[in-house]
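What follows is a single structure, written as structure tokens, with notes after it.
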Amino acid sequence: MPASPGDQLTAARPSRVWLWFLLAGTVVAVAYILLPQNQVTNWIFPVVNTSGAIAALIGVHRNRPRNKPAWTMLAVALSLSAAGDIIFAGYDLFNADAPFPSVADILYIAAHLLAAAAVVRLSHHAGRDSMLEAGVLTVPLALQYWIHIISPILKDGGTTLAILVAVVTPVGTLIVLFGALRAGLSMEMRKWPARLLVAGMVCWFVPDAYYATASLNGSYQAGGWMDLGWMLMPLLLGAAALHPQMPQLNVPLHVSTNILSVRRYLVVIAGVLALDAYAAVTTHGPHRLVSIAVLISGTLAAVRIRRPLKDMGRRATRDGLTGLPNRTELIRRLTFALAELPADGSSKVALLFCDLDRFKDVNDSLGHAAGDRMLITIAQRISASVRDDRDVVARLGGDEFVILMPDATDEATDRVAERLVTSFTDPIDIDGVEVYPSVSVGVRTTDDFKAEPAALLRDADAAMYRAKSSGRGRAERFDDRYAAEASARLRLDAELRHALANDELICVYHPEIDLAGGGLYALEALVRWQHPSRGLLSPDDFVPHAETVGLIGILFEQVLDQVLTAQDKWETEFGWRPTVAVNVSPRQLTDSRLVKVVLAALEAHDAPASALILEVTETALVDDSVMTGTLAELRRHGVAVAVDDFGTGYSSVSRLADRHWDALKIDRSFVSGITEDPAREGVVHAMIALAHALQLRAIAEGVEDEPTLAKLRELGCDAAQGYLYTRPVDAAEISKMIIRSPQWNPATITTAA
């Protein structure tokens with residue numbers, strides 16, 4: 001899909017002032033070399049170099065780079081070097097011999113030291129790999145420097161100041177080249193300013209090295225082709241500063257991968273081969289033959305390893321199914337995108353985390369091969385939804401895709417997200433079956449270059465899950481609340497697992513009283529969490545999470561064991577075992593282990609099946625396999641089943657008529673207010689009548705006052721539960737209540753129908 005007009009607006013044509021400056025300066029520099037030397041043309045050299053310093057200062061002021069101190073130091077270094085050139089041109093103008101060392105030499109040394117400090121600052125965050133690669137290129141140069149330049153200077157002697165000047169200049173140039181290579185390689189020469197910066201430092205290094213050698217043997221002559229390098233150096237550095245991408249020239253803060261790309265390999269190996277070629281040219285006799293042999297061998301080895309290296313890089317950074325970048329490559333490119341963010345916040349980096357909705361159904365019904373073909377089609381649709389080649393589409397694995405949008409705006413991000421959601425409405429033909437996919441998208445944007453790539457990806461993932469929970473087939477933008485909620489979920493998960501392992505869950509009991517004789521129909525067991533720092537937590541604070549992460553089965557087993565243990569104690573104390581109702585999550589009802597767990601627990605405590613009532617919510621009634629499978633088998637073994645919170649779910653009356661339960665509990669939302677509201681009274685009356693028609697016991701929840709209790713008796717309700725009788729209490733308090741309530745004796749309890 002071509003970029004929309006709105007997308008094109010975000011990619012305005014960049015300024016080419018840097019290019020015209022470089023071309024014009026190069027023409028003037030070449031003219032200096034070609035024209036005869038005189039007092040007029042001699043000023044071309046300092047004018048060109050001064051123009052580079054001025055261009056660098058203008059570029060720093062205009063582009064406002066994030067690493068402004070480093071670029072400012074580099075501009076000042078060019079200014080010092082240009083000042084030295086002006087001084088030397090002044091000596092020529094007045095036909096005077098320059099002393100050694102002169103003021104110009106001091107300025108040159110200061111320029112080298114300041115430039116070295118600038119590139120060190122630019123490459124401050126460069127990783128170990130970039131340092132090693134830069135070292136591969138500069139260590140042989142340092143050795144050549146020592147053999148051909150520094151060692152002869154030290155042998156010739158001279159004043160200490162003269163030796164210092166003669167040595168510091170080439171050493172400073174070498175340091176400048178090392179820092180520039182380290183910075184450029186860490187950025188993989190991705191941007192033109194990086195290439196211009198490294199090229200400028202090379203053009204600084206080569207003439208300095210030549211000049212140092214030529215000065216020793218007296219062969220240097222002003223106006224030669226080597227002077228072209230000195231003039232290209234400020235032109236290239238000035239062009240780098242003027243380039244509109246200069247603010248993006250930042251070393252990534254986070255080293256993302258140790259993969260050696262083919263580009264970096266070619267840069268390093270080309271430098272090594274160039275040094276071999278230099279050695280072959282400068283040596284004589286048998287040594288030259290050895291150098292030539294090494295050069296040929298190195299070239300053949302470089303050619304041989306290039307293809308396997310490219311293949312390994314592709315396999316390490318590409319998804320095998322779709323050919324898209326994988327997680328490793330995504331993180332690497334995200335790292336660079338963050339490093340290239342401008343300091344003024346004018347653009348952002350955006351991540352769009354895409355997850356297919358219900359993709360598992362395709363795999364389960366049509367097979368994994370069909371699912372793979374669908375993923376390939378989805379990858380093509382996502383790739384067609386992005387702006388242009390600036391954006392990166394990656395596959396993390398499974399049905400998860402991520403779009404990286406560097407240099408993005410909120411408007412451009414929203415347009416791409418909208419295209420993603422709408423483009424997935426068209427069906428995909430998979431083996432003759434039309435599949436209508438949808439995608440949930442989580443959007444995360446940032447203008448913070450210090451952001452952690454992994455944290456951004458996690459935030460986008462959290463926003464995607466919010467989109468799923470909000471209805472699927474939509475896009476959600478990340479909110480800081482998501483991170484707080486995700487952190488809270490992680491903390492809750494760890495604490496809940498610790499609680500299950502350390503017996504922090506306790507049971508309290510809420511009596512259900514028979515309205516006919518005042519006896520005890522059952523005790524409902526309610527789980528509580530005695531949290532070490534937050535105090536006593538209700539089920540709403542942790543049970544939903546336990547259901548989500550698969551801990552609800554363990555939680556149920558612990559509650560069941562506590563209930564049966566309490567029953568054992570009551571039987572020992574009073575000679576009878578009160579019936580206890582235990583809540584069962586709908587998720588457990590589809591677990592084939594539930595029946596075995598319940599029966600094994602009853603057997604372990606030598607308890608009859610009638611000692612338990614399992615309470616299930618109305619939602620569970622919609623699943624036929626639950627009613628005819630799990631619930632039916634439990635009832636065949638004598639375990640009673642009650643429908644909890646009746647009236648709040650979405651079951652049909654026909655489900656109740658299937659008779660897979662024994663009691664119906666009317667939710668407190670209906671019971672409350674029945675003495676004042678005839679409509680509520682009518683609804684409760686109908687529910688009680690329905691329960692009796694189906695031969696079920698009707699139990700009212702939320703009874704808090706005598707008038708409500710009297711009305712329920714009048715309506716024929718069988719049992720009631722609520723704060724009118726007591727709040728939920730622990731097992732010890734239930735023992736006291738049994739002692740105080742002789743009518744609870746089993747001889748007077750009305751048993752379940």
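Read-outs throughout are calculated quantities, based only on the coordinates presented, and are distinct from any laboratory measurement. Quick caveat: nothing in here was measured; it's all calculated off a predicted structure. Methodologically, a virtual Cβ is constructed for each residue, glycine included, from the backbone with ideal geometry; neighbour enumeration extends over all protein chains shown.
Exceedance of the 24 Å cut-off in Cα-Cα distance is limited, within the set LYS665/LYS736; LYS68/LYS348; LYS348/LYS450; LYS569/LYS665; LYS68/LYS191, to LYS665/LYS736; LYS569/LYS665. Determine, from the Cβ-Cβ distance of ALA494 and ALA277 and an R0 of 56 Å, the FRET efficiency 1/(1 + (r/R0)^6), rounded to the nearest 0.05. Efficiency, from the Cβ-Cβ distance: 0.40.
Spin-label model, HIS531/GLU400: points 7 Å from Cα along the beta carbon direction are separated by 2.8 nm.
Protection proxy ranking for 523-535, 54-66, 112-124, 234-246, using the average of other Cβ atoms within 10 Å per residue and placing the highest first: 234-246, 112-124, 54-66, 523-535. Inter-label distance, GLU573 to GLU485: 4.4 nm, where each label sits 7 Å from its Cα along the C-beta direction.
Contour minus end-to-end for ARG288 and LYS155, with contour as 0.36 nm per residue of separation and end-to-end as the Cα-Cα distance? Show your work: numbers first, answer last.
On the way: separation 133, 0.36 × 133 = 47.88 nm, distance 2.61 nm.
Using 0.36 nm per residue and subtracting the Cα-Cα distance, I get 45.3 nm.
For segment 507-532, list residues with backbone N below 11 Å from a point placed 7 Å from the Cα of ASP730 toward its Cβ? Only 507-508, 530 fall inside the zone, counting backbone N under 11 Å.
Using the number of other C-beta atoms within 10 angstrom as an exposure proxy, rank CYS354, CYS203 with the fewest first.
CYS203, CYS354
Annotation: amide H of TYR521 within the under-5 Å range of GLU512, ILE513, ASP514, sequence separation 5 or more or interchain, hydrogens built in the peptide plane. Dimensions of segment 327-478 along the principal axes, based on C-alpha atoms and rounded to the nearest Å, stand at 53, 28, 25, largest first. Full extension of the chain between SER592 and ALA31 yields a length gain of 193.0 nm, computed as 0.36 nm times the residue separation minus the alpha carbon distance. Would you please state which residues of segment 496-535 a label at SER741 would reach in this model, taking the label point 7 Å out along Cα→Cβ and a backbone N cut-off of under 16 Å? Within reach of a label on SER741, which here means backbone N under 16 Å from a point 7 Å along Cα→Cβ, segment 496-535 contributes 508-526.
Extension gain, THR422-ARG472: 0.36 nm per intervening residue step, less the Cα-Cα distance, totals 16.8 nm.
Could you pull out every one of the lysines with an alpha carbon less than 20 Å from that of LYS360, ignoring same-chain neighbours closer than 8 positions? Those lysines meeting the cut-off are LYS468. The residues GLU411, GLU504, GLU512, when put in order of fewest to most other Cβ atoms within 10 Å, stand as GLU411, GLU504, GLU512. With the simple spin-label model, which puts each label point 7 Å out from Cα in the Cβ direction, the LEU93 to ARG668 separation comes to 9.6 nm.
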